[in-house]
Every structure is written in structure tokens, then in C-alpha cells.
Amino acid sequence: MASSAEGRAAGGQASGAVEGPPGNSRDRRLLSLSPGGEAEEEAGPLPAQYPSHLGALSGRETVELYCDGVLKGCKAEDSNEAISKYLLEKLKMKEKWLGVWKTNPDLFFVHSEEIPIPYVGVLVEVICKLPQNPSANFKVSVSVAEPFSSNIANIPRQLVGEVLKEMDHCVPLLEVYPIEGQDKVVFEIAKALETVRFFYDFLWRDWDDDENSETYAALIEERIKIWCDIQNGIIPAPIAHRFRRNLEKYKSMHLELIHYQSNIKEEPTAEEAVECWKKYYELIMLCGLLKIWEDLRLRAHGPLTPRILRRRKGSRDDGKTVTYVVAKTTAVEMVKELSTDTHHAVEENLNLALDNCYSGDSVLIFPGEYKAGNLSMLTEDIVIKGVGRPEEIMVVSNPSHENFVVSRAQNIKLMNITLIQQGTVDGIIVVDSGHTVLENCILKCEGTGVCVLAGASLTVTNCEITGAQGAGVELYPGSTATLEGNKIHHCSNFRTSDGSRSSFGGINIKVLPAPKLRMKNNHIYSNNGHVVTIVKPSEQLCAKVEGIVECAAGGDGEDSVSKLMQELSFEINKNVLEETTKDIGIVN
């Protein structure tokens, strides 16, 4: 069986993490990538490589490939050996074939930051002599094939030859991609290589080593389901992107820790020991985050990440309140309307204004575009108000933050602003506790809409909520919401044929205990699903007959669901709805 380090290195190499050759020979590798740059010999274009066969498989077929095929009946600690055995059986079928060697640009270029390139690809002839020890993380012998071809049009052939010579003409097998137009045997080798790469890139985790055969198969199946949900668009793109980015970061940090430890020749110094512990701690924290996401299956209709708590400051000791004026440019007119006894401060940075607030303060935002990471830690009872039309006061989320707006204040009000969600994975607004009021605001969602957690309350008046991948408003057990005069449209746009998921529409309610919802004069339209969806607390048999959802008795939640449906039927009649969405849906 291949060692854990070897197996993980294989995964890293598959994604292009290749060490450069020793010594200072790379200093001579200077190649201009700018238009018109001269080169010793221009390369022709690369021939076509086999398309992904995994993309054509269904989720069930992918599960069968791994759980019932390659990894059948093996423990996690035996997975490297099972993968090696599967790959070696395919490679025995043919010794020589043509492929594209894709590797790290750092092997060829001293500086490639100005024009970033994902990889350097070169057409090579592969001689695959199988090792006597099948557990080895083996490499294959390659030579530059004719005609000379590369994805870098002006890369010198001499440079490619020098790099291969320094590597003894041996490259990691998983960096080679067979090209089309050879024979069926090479096609089978190409599929096997892709199957192995996908395992190390997406399915394998080093923390799985203690899993037995039954639990390991279940883990692999769940991860395949996550991958299928990403491919099908069920998981919103921002969440999928962040998950993949953190997974790649984890693999990179893991290899970095292994390399750092291997370079310590003797007893580690105090500094080396501290650095090892630091890297290990960062790795464990990232591992924990990935486990949380996997356990919650990256679903888009709820909070996904642990929250950072912030201590509430309360009122100032002297009882005074301050109005902070936030503007891109300042002028006397901005403060002349304020009362003469009002203490005010002018800030260009919305983050600083929010950080300085005590309960009772106000923040006035003048037209412009702002970013405010501190909106994710609102604890004080303040008023945040835009001065002008809401379309002119735009607050955009910071993609480096997990959350956009999170409120834990007892009473907080946001008025007359536009919130634009970009890259954050949670709801555009999460009411964690207390009472949040939204008036005359525009919420342009990218992930989930407004989430009201257990025990929290929300009042939304004359606002617009649009673009949420989940429901426009999510109500958790025991929460309260009042919606009046709002527009909720183009939400729950999951690209899926799963009927239960497409039923999520304008508002999503989770019971028990049942949340309280009051709706008046809202316009709910163009959502992919019901006006209101109730997520049942237990399994029940439900059917929709002539627009009415009927449920068989079962579970302690039946009475609450029935009562909630009666209340909602009355509330919905007070709102303007599309004909296609005049209903209440119930899902498990």
C-alpha cells in the first residue's frame, strides 16, 4: 500500500503542485510572454485531449464507479492501495502512448505573474514501465513528441528539453493526459487517470484514515452527492466556489506542513517547533470548517458557518448619542440639517463608523458605494440610514467574509439603502437574535435571502428582495416576521429537476415550534416555487389536490402545521400574487 504521504502527494501533483529542480538552473529560464516576444522555436497547438467522462455520468453511476467498483469493501486506510491497483491494471494494457504533460509554470518561468497561466502543457510520448513494487508513487518516462506542441506558443523547445533532462525525463503519471485519436485502450487509460485524479482532488481526505469500509463508502457517496449538486447548480455558485477554494487551500497547507517537517533534519529548534504547531493548528481549523460544510451538505437555505461573537457595548456612560456621517466627499450641507444639540462625526469609512457606535447612535450614509465587514457583527441598537434614494446608497459585501449582515442587537433599523451580496455564503441578512427592522431597502441577493433564526424577529416594510438562490425569507422555528408592502421576486432559482427543491419560493418556514408570520400588501412574483413553503418536522404523506395541500395524520407536528396553514391562507389573501404561485407548499 502506498504511504499516506505518497498518496496525498499524488493528489497535490494532480493539481499541478510540482517541485522545481534543485540548484540555480532556473535562473536562466527567462521567457517573454508579451505579444511579439521572440523565441527560439515556436510550438504548434496541442492536439485534443479526451473529454471528461465523469461529467457524463449520473450521480448514481459515479457512486457505483467508486463505492461498488474501485473502492469496493475497503477501509479508508486501504484506499491508496485500491486506487493504485485499479490504475496499474489499466496501464498494463499498453506501454507506449501519446499524451499532454501539464505541469507547474514555475518549472519554466522565473516570473509569470504578469500574465498568469494555469499550466504549461507539452505533447510527449509516454513509456509506461510498471514498477516492480506496485505501492510506489511511480513516474513515467517521457520524451518530446513530434511535431513539437505546447499551449505556450513561443516556448523554446530547448527549454523544455533542459527541464526534462533535469527531471531525468520522468514526470508524475497523474500530470499526463492522453490525447484523442489513438485507440480504445488509450481511451480506457484516460478514463482511469481521470477517475484517480478526481478521487485525490475531491473525494479523498487525510482525516478519513480511521473509517471502516461501511462508513467510508457512505462518506464517499456523500461527497459525490455534493459534487453533483455543485455541477447541477443546486448549491449556489458562491458557496461552491468557497468550498472548492478552502478544499484546495487545505490540500496545499497539508503538503506544506509535510515538506516543512521533512526539512527538519535533527531535533527541531524552538522556532521550528512553534512554526510546526502553527501550521498544524491552521490545518485543523480549516479541516473543521470543511467538516461543517460537508455535514450540512452545503445547503443554501440556512446558516452554514460558525459565527464570531462580539460583546455588546450598550449606551455610553454619559448617556450621549452620536450621529456618524459617512460620505465619499464631505460638505457643510451634510450636517446642517442635524439638530444643534446633536453630536456628530464625519467618517469616510463605514466600517469605522460602525465600530465606534454605541446603542442609541445613528449612521447616515450619503450616496456612493461602500464595503463594510463590520455589518456582520451588529450588536448595538442603532439606526443605519441612507440619505437619498436607496439606489444611490450601495453597500456591497466583501467576498473574503463568510457573512454579509448579521444582527444580534435588541433593536436595530436599516433604512433607505441597497445591499448587494457578492461572494458571501450565508443569507444576505441573518437575524441571529433580537429585532431587526428593514424599511425602504433593496436587497440584491446572491446566496440565501433574509434568515431569521430561532427566537429572533424581523419587520420588513416597503422593501425589495430579489435574486436569492434559496427562498427570499427563511423563518426558523420560534421566529417572528412581519412583511408589509414588499416585493419578493426571482428567488429560489435552483437549476434542478428535484421537485422538492423547486418548491422553495418566496418564503420558507421551518417548524417546530412554528414561526409567526404576518403578511400585508406584498407583491410576490416570478419565484421558482410556492409563495410559502413549510418544511415539516417529521415525515408525513402529503399530496396537492386542486391547488390544496392535504396531509395524512402523523407526528407531533401535524396540529402545528395545520394551524399554521390556516393562518397563512388568511394572510396570503391580503397580498398580490401571480396565478402560478397562489399556494402553500409542504416539503420534508
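Report the full-extension gain for the segment HIS259 to GLU77: residue separation times 0.36 nm, less the Cα-Cα distance, to one decimal in nm.
Extra length from HIS259 to GLU77 when fully extended: 63.4 nm.
Taking the Cβ of ALA481 as the center, what net charge do the other residues with Cβ under 10 Å away carry, scoring Lys and Arg +1 and Asp and Glu -1?
On the way: positive: LYS516, ARG518; negative: GLU474.
Residues close to ALA481 contribute a combined charge of +1.
Provide the solvent-accessible area of VAL274, counting protein heavy atoms only and rolling a 1.4 Å probe, rounded to the nearest 10 Å².
100 Å²
So how exposed is TRP293, as accessible area in Å² (1.4 Å probe, rounded to 10)?
0 Å²
Distance from the Cα centre of segment 389-432 to that of segment 433-456, in angstrom?
Segment 389-432 and segment 433-456 have Cα centres spaced 8 Å from each other.
Leaving ligands, DNA and RNA out of it, rank ASP426, ASP318, ASP106, ASP209 by accessible area with a 1.4 Å probe, largest first.
ASP318, ASP106, ASP209, ASP426
Counting only residues 5 or more places away or on other chains, whose amide H sits under 5 Å from the amide H of GLU464 once H atoms are built in the peptide plane?
Answer set, sorted by chain and number: CYS441, ILE442, LEU443, LYS487.
With θ set to phi - 60°, apply the Karplus curve 6.51 cos²θ - 1.76 cosθ + 1.60 along segment 55-70 and write out the HN-Hα couplings as whole Hz, x wherever there is a Gly or Pro.
x, 8, 8, 7, x, 5, 5, 5, 4, 5, 4, 8, 6, 9, x, 4
What net charge do the residues around CYS128 carry, taking every other residue with its C-beta under 12 Å from that of CYS128, with Lys and Arg at +1 and Asp and Glu at -1?
+4
Ordered by packing density, taken as the mean number of other Cβ atoms within 10 Å over each peptide's residues, highest first, how do 374-385, 149-160 rank? Before the final figure, lay out each step's value.
Details: 374-385: 21.5, 149-160: 18.7.
For the peptides 374-385, 149-160, the packing ranking is 374-385, 149-160.
Not counting ligands, DNA or RNA, and with a 1.4 Å probe, what is GLU77's accessible surface area in Å² rounded to the nearest 10?
Here the residue's solvent-accessible area equals roughly 90 Å².
Suppose R0 equals 22 Å. What FRET efficiency, 1/(1 + (r/R0)^6) with r the Cβ-Cβ distance, do LEU57 and MET93 give to the nearest 0.05?
E between LEU57 and MET93, to the nearest 0.05, is 0.55.
Under the Karplus relation 6.51 cos²θ - 1.76 cosθ + 1.60, θ = phi - 60°, what is the ordered set of whole-Hz ³J(HN,Hα) values for segment 440-453, x standing for Gly and Pro?
Ordered by residue, 3J(HN,Hα) equals 6, 10, 10, 10, 9, 8, 10, x, 7, x, 8, 10, 10, 7 Hz.
Given 0.36 nm per residue, what is the gain on full extension from GLN49 to VAL274 after removing their alpha carbon distance, in nm?
76.4 nm
Quick check: residue separation of VAL185 and THR482 times 0.36 nm, minus the Cα distance between them. What number comes out in nm? Could you put the intermediate results ahead of the total?
On the way: separation 297, 0.36 × 297 = 106.92 nm, distance 6.44 nm.
Full extension from VAL185 to THR482 adds 100.5 nm.
The values are calculated or read from the model by the stated rules, or taken from the named source; none is laboratory data. Since this is a predicted model, take the numbers as computed values, not measurements. Quick reminder, even Gly has a Cβ in these numbers, built from the backbone with ideal geometry, and neighbours come from all protein chains shown. Accessible surface areas use protein heavy atoms only, side chains included; no ligands, DNA or RNA. Shrake-Rupley method; radii C 1.70, N 1.55, O 1.52, S 1.80 Å.
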